[in-house]
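Take a look at the structure below.
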Amino acid sequence: MDKFLRTTYFYNTAENWLWFFGILIVGFLFKRFLSVMVSKIVYRMMKKETKSVPVAEFVSLLRGPVEFLLALFIIYAAVNEIVFPRKWRIIPFGKMRVADFIDRTLDMLFVAGITWLIIRLIRFFALVYLKKAEETESNKDKQLVPFFRDIIIVLIAFSSFFLILGFVFKQDVISLITGLGIGGVALALAARATLENLFASFTLFTEQPFIVGDDIELGTMVGKIEKVGFRSTRIRNVDGSLVVVPNQMLVSQSLNNISQRMERRHKFFIRLKLEASIQQIKQVIEEVQTILDNHESISTGAHVKLDAIGDYSINIMVVFMAATADYWESKSIREEVNVAILNILEKNQVELAQPATTLFSLTDDKNIDNDY
């Protein structure tokens, strides 16, 4: 047995190869169990801060990066049991030695795994703060938490990139950053739109023209704010579609925050036929005014006036304020008013006007110029 263990295969003894494969097999068999156990231990350590989030949700977030790091530890422990000859080199990488290549690869993956773990922890704490924000009446935290979560994740990713360059590839990070500063002008020009949206996002968070959950009107679009990111804002349109709007557009044009007003104004015209009598017109105006004055969801100060006598119609202007900030509830109130107006017109036997159209037809050939 000792002779077999001391036998050399590929520059390593059989004992070394048995340790190598044994560590790999046993480690990967228990990797899933160990990752769950480590995640639960971390959860118990932070239970006071994380009690609002179930342990299963925490484990599902951390299990991926923890398994990845455990796999790297297992591979690192197994590789330490064998040696690679100095003459083994990888030609495409400048004739780099295999041992150096494996060390650098593992170091780079360790930094990436730790970065992944930190990002997952940040997402978890953001989830904790979001759940706390749901218990309050204000929606400001619901807007701020995702924004700062994304900013911190981006900063950590950049820091990890420079750490890999400095720690793994032994590059002068300070000189590299200085060089990036020299080329920063070109980079800024290339990423002008992204930078404009990023600065616009800070404007949105400092001035807060709206918060998550507000209904806004932007140009011809009306919708509800669902998420504000550091590049764009997601708006749920009234037709149900999801619209992604660059933040620069939100700060560069007029924006109407509908949720900040308690009433919605409605204005339209009732166009009656010219044949309607004065008595019928007065009766329609009086009854429509009564409907608006007595409606429980319409604010006082509604107006019904004879506005103009047009070429084909008598125009009655109707203006009222629906006592609600909700878009669809306001539309329901207007629908009730429209149905009541139709009933009033039917009762008073008054018809709505239509644009007059005159058609000319040439049916007699004698009327047509012979030279045409």
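The values are calculated or read from the model by the stated rules, or taken from the named source; none is laboratory data. The model shown is predicted, which means the values in this text are computed figures rather than measured ones. For neighbour counting, all protein chains shown are included, and Cβ atoms are generated from backbone atoms with ideal geometry for every residue, glycine included. What goes into the accessible areas is simple: the full protein's heavy atoms, side chains included, and nothing from ligands, DNA or RNA. Shrake-Rupley method; radii C 1.70, N 1.55, O 1.52, S 1.80 Å.
Conditions first: (1) at pLDDT below 85; (2) polar (S, T, N, Q); (3) closer than 30 Å to I122 by Cα. T13 passes all but one, so which condition is the exception?
(3)
For the stretch 303-314, which positions are open to solvent by less than 40 Å² (accessible area, probe 1.4 Å) and not in a strand (DSSP E or B)?
Answer for the stretch 303-314, where residues must be open to solvent by less than 40 Å² (accessible area, probe 1.4 Å) and not in a strand (DSSP E or B): just G310.
Condition test on H295, is it within 16 Å of I344 (Cβ to Cβ) and either out of contact with any helix residue (DSSP H, G or I) (no Cβ under 7 Å at 6 or more places or on another chain) or surrounded by 14 or more Cβ atoms within 10 Å (Cβ to Cβ) (or both)? Before the answer, list the steps.
Working: within 16 Å of I344 (Cβ to Cβ): yes; either out of contact with any helix residue (DSSP H, G or I) (no Cβ under 7 Å at 6 or more places or on another chain) or surrounded by 14 or more Cβ atoms within 10 Å (Cβ to Cβ) (or both): yes.
Here the answer is yes, as H295 does meet what is asked.
Which pairs turn up if I take residues in the stretch 339-350 that are touching a residue at least 60 places away in the same chain (Cβ under 8 Å) and look for partners that are surrounded by fewer than 12 Cβ atoms within 10 Å (Cβ to Cβ) and small (G, A, S) with beta carbon separation below 9 Å, at least 6 apart in sequence or on another chain?
Going by the 9 Å Cβ cut-off, the qualifying pairs are V350/S277.
Suppose the filter is on the phi > 0 side of the Ramachandran plot and free of Cβ contacts under 8 Å to residues at least 60 places away in the same chain; does G240 pass it?
Criteria met by G240.
Looking at the stretch 320-359, which of its residues are in a helix (DSSP H, G or I), open to solvent by 30 Å² or more (accessible area, probe 1.4 Å) and over 25 Å from K282 (Cβ atoms)?
Step one: list which residues in the stretch 320-359 are in a helix (DSSP H, G or I), which gives 327-347.
So of that shortlist, the ones also open to solvent by 30 Å² or more (accessible area, probe 1.4 Å) come out as 327-329, 331-332, 334-336, 338-339, 342-343, 346-347.
Of everything in the stretch 320-359, those that are in a helix (DSSP H, G or I), open to solvent by 30 Å² or more (accessible area, probe 1.4 Å) and over 25 Å from K282 (Cβ atoms) turn out to be Y327, W328, E329, K331, S332, E335.
So is T300 more than 30 Å from I211 (Cβ to Cβ), in a helix (DSSP H, G or I) and without any contact (Cβ under 8 Å) to a residue 24 or more places away in the chain or not? Full working, then the answer.
Working: more than 30 Å from I211 (Cβ to Cβ): yes; in a helix (DSSP H, G or I): no; without any contact (Cβ under 8 Å) to a residue 24 or more places away in the chain: yes.
For T300, the condition - more than 30 Å from I211 (Cβ to Cβ), in a helix (DSSP H, G or I) and without any contact (Cβ under 8 Å) to a residue 24 or more places away in the chain - is not met.
Keeping to the stretch 253-292, report how many residues are free of Cβ contacts under 8 Å to residues at least 24 places away in the same chain and either open to solvent by less than 30 Å² (accessible area, probe 1.4 Å) or closer than 29 Å to V222 by Cα (or both).
Of the residues in that region, 1 qualify.
Take the residues in the stretch 27-78 that are open to solvent by 40 Å² or more (accessible area, probe 1.4 Å), among the β-branched types (V, I, T) and under 24 Å from D107 (Cβ atoms), then tell me which one is modelled with the highest pLDDT.
I75
From the list I91, I102, I119, I114, pick out the single residue that is open to solvent by 30 Å² or more (accessible area, probe 1.4 Å) and modelled with pLDDT under 75.
Working: I102 fails: modelled with pLDDT under 75; I119 fails: modelled with pLDDT under 75; I114 fails: modelled with pLDDT under 75.
Residue meeting the stated conditions: I91.
When you go through (1) touching a His at 6+ places or on another chain (Cβ under 9 Å); (2) in a strand (DSSP E or B); (3) crowded, with 17+ Cβ neighbours inside 10 Å one by one for M317, which number turns out not to apply?
(3)
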